[in-house]
Structure formats: structure tokens, C-alpha cells
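Here's the structure we're looking at; comments come further down.
The values are calculated or read from the model by the stated rules, or taken from the named source; none is laboratory data. Here the structure is a predicted model, which means the values were calculated and not measured. Here the Cβ positions follow ideal geometry from the backbone for every residue, glycine too, while neighbour counts run over all protein chains shown. Just the protein is used for accessible areas: all its heavy atoms, side chains included, with ligands, DNA and RNA removed. Shrake-Rupley method; radii C 1.70, N 1.55, O 1.52, S 1.80 Å.
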Amino acid sequence: MFRLPLLLLFCASQALDLQISSVPAVGSDDVVRTELKDIVSLLCQLNNNQGFQKDEELVWKRNGALISLEEGNKEGRSSVCITPIHDDNDATFTCHLKTNTTVSRSVTLNVTYPPELSGSENITVEEEAELQLKCDTKANPIVTNTTWTLNGSQVDLVEHDLIVTEDGFTTKLSADFVRRSLHAGTYECSVSTGLYGEFTKTFVVTVTDKTMKFPLIPIIAGLVVVFLTAILAVASRWKKIVKCCK
Ligand SMILES: *[C@@H]1O[C@H](CO)[C@@H](O)[C@H](O)[C@H]1NC(C)=O
Ligand SMILES: *[C@@H]1O[C@H](CO)[C@@H](O)[C@H](O)[C@H]1NC(C)=O
Ligand SMILES: *[C@@H]1O[C@H](CO)[C@@H](O)[C@H](O)[C@H]1NC(C)=O
């Protein structure tokens, strides 16, 4: 009955043994909010008034994997510098005593970044072939709104026989059977993010005539040879037959 409050009290005091400070600052939820390529520096410090040795060795881990620290950056205080990449989003950085992993503190990175979506691409596709337009929508926070337009107005999937598929990282617009009247034109995919605004990529799709998929000329040549051989065979046999009848 009385154990639980005691335990909580103990945990709370233990959390003060070590302290992580950060630039940019750590939020109340132990999250450090940053952007791609902005430098984050984390400093882990031992609180001297907790009865630890001043030069107690510290360890840093990223998602549980040891970060190698230089000599002189371990005793009593230790800092790490991070230039965040996409993968560092949601990564947890933990500092603990080398001799006692229970004395530990962690922060998690929230690395925000916009989707990589811009420019214009020219696409040429044959009539009756497959068309696939793809937009990279990966971003943090995730994009909230994706739209496809054709010649400036929202794509009518039914009328234009198109399919949209989204998986959180990409949005794809595809047609299984391209027809010039339905599918030639200028497409745009747009995504909006609360933090970074709107991003757009353009595709200019040209539909060309269908080309023959099988080698027609060799086939015709082959047929001609077969035909001529047959005629010759009949002709020579005809001579024999005619001879017999004489
Ligand atoms: C680790 O530290 C905690 C909190 O200071 C302490 O209660 C525990 O006994 C220590 N464990 C070891 C193995 O030293
Ligand atoms: C990360 O920060 C952004 C911007 O402040 C916020 O919208 C998003 O919810 C945060 N993500 C997490 C997982 O906390
Ligand atoms: C889109 O506009 C182009 C150029 O005006 C036109 O050739 C094409 O047929 C239009 N596409 C559709 C599907 O209406």
C-alpha cells in the first residue's frame, strides 16, 4: 500500500541525479525540437549534491547504441553535438552513469523537415501503356493534404480513369491504359504542411502513338519465305503429277 508513493518519490529524486541541457532547449516533454542540419548540442551533467564522485564516468547512447566519446568528455559532464538527418527524427539520446545505468536521463529529437517536392518533369508515354506519376510526400510533421490537378482543375478519378495511392511517404497517380484524350496534359501534385506551407511538383505528360510491340518486318519476311517454298513445292509436284498423267 505505502510502497507506491515511496517509489515515485524515489524516481523523482533519482531523475535529478543527472541533468541534460540542450541547445535548442529541451521541452517539458523531454523533446528537443530542431530542423534538418541545425546543430543540436546536448550536455549531460552530474548533480554534485547527490553524493556522486565528481569525475564519475558518463555514457551517451543513441537509440541504445553507444556513442563514442573523446577522452576528457566523459567525467562528470559530457556533451554531444548532432547535425540531424531524417533518421534522427524520434531518436532517443540517453546519458547514464557508466557504473549504474539506472542513473540516466533521455531526450528525444523531433526533427522537422519539409517534403522534397518541386520542379517540373516531362513524361512521354505511349497510348495504351501504363502511366505512373509519383510524388515524395515524406515530411515531419506529416503532410495533411495531398491534391492532384490536371490542366489546373482537380483530377476527376472516375472521368479520367485514374487511381491515387498513398502510403504516407509517396502519393501515386496512375493509369493502367493510357488514352491521349483522357491523359495528356499538365499534372500537379500539391501537399500542404502546417509548418512549411505548400509544395508542388509538375508533370507534363505527352501521349504518343502506340508503336508495334512485335517485330513485324521479320515476321512478314518469314511468311514470304514460307509462302514461296510452298508454291515451289506445289509447282515441282505439279510437274511430277502432270508427268504421271501423260
Ligand atoms: C544505482 O543508482 C541507484 C540510484 O542512485 C541506487 O539506488 C542503486 O543502488 C545503484 N545501483 C548500483 C548497482 O550501484
Ligand atoms: C514535432 O514538432 C512539430 C512542430 O512543432 C509538431 O507539429 C509535431 O507534432 C512534433 N512531433 C512530435 C512527434 O512531437
Ligand atoms: C490539357 O491541356 C492540353 C493543352 O491545352 C490539351 O492538349 C489536353 O488535351 C488537355 N487534357 C485533358 C485531359 O483535357
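The C-beta contact set for region 48-74 (first residue modelled with pLDDT of 80 or more, second residue assigned to a loop (DSSP other than H, G, I, E, B) and within 16 Å of ligand 1 (Cβ to nearest atom), distance under 6 angstrom, 6+ apart or interchain) comprises Asp55/Gly76; Glu57/Lys98; Val59/Lys98. Thr124 satisfies every condition listed in (1) more than 30 Å from Leu162 (Cα to Cα); (2) in a strand (DSSP E or B) except (1). Here region 193-232 is the region considered, the condition is being open to solvent by 60 Å² or more (accessible area, probe 1.4 Å) and among the hydroxyl-bearing types (Ser, Thr, Tyr), and the residue that is nearest to Thr112 (Cα to Cα) is Tyr196. If you check Glu71, Glu56 for being acidic (Asp, Glu) and open to solvent by 90 Å² or more (accessible area, probe 1.4 Å), only one passes: Glu71.
Residues of region 70-80 being out of contact with any Leu (no Cβ under 8 Å at 6 or more places or on another chain) and not polar (S, T, N, Q), which ones? Break it down into steps so the answer makes sense when it comes.
Of region 70-80, the ones out of contact with any Leu (no Cβ under 8 Å at 6 or more places or on another chain) are 70-73.
Listed by number, the residues that qualify are Glu70, Glu71, Gly72.
Look at region 162-179 and say how many of its residues are surrounded by fewer than 17 Cβ atoms within 10 Å (Cβ to Cβ), farther than 13 Å from Glu116 by Cα and in contact with a strand residue (DSSP E or B) (Cβ under 6 Å, 6 or more places away or on another chain).
The first filter runs over region 162-179 and keeps only residues surrounded by fewer than 17 Cβ atoms within 10 Å (Cβ to Cβ), leaving 163-170, 172, 174, 176-177, 179.
Pick out the ones that are also farther than 13 Å from Glu116 by Cα and you get 163-168, 172, 174, 176-177, 179.
Checking the rest, the ones that are also in contact with a strand residue (DSSP E or B) (Cβ under 6 Å, 6 or more places away or on another chain) come to 163-165, 172, 174.
Qualifying residue count for the region: 5.
In this structure, is Glu128 at positive phi and open to solvent by 40 Å² or more (accessible area, probe 1.4 Å)? Break it down into steps so the answer makes sense when it comes.
Details: at positive phi: yes; open to solvent by 40 Å² or more (accessible area, probe 1.4 Å): yes.
Answer is yes for this residue.
The residues of region 75-95 that are more than 19 Å from Val40 (Cβ to Cβ) and within 16 Å of ligand 1 (Cβ to nearest atom) amount to a single one, Gly76.
Which of the following residues is within 24 Å of the chain's Cα centre (by Cα), farther than 30 Å from Gly185 by Cα and open to solvent by 20 Å² or more (accessible area, probe 1.4 Å): Asn122, Asn100, Asn89?
Testing whether each residue is within 24 Å of the chain's Cα centre (by Cα), farther than 30 Å from Gly185 by Cα and open to solvent by 20 Å² or more (accessible area, probe 1.4 Å) leaves just Asn89.
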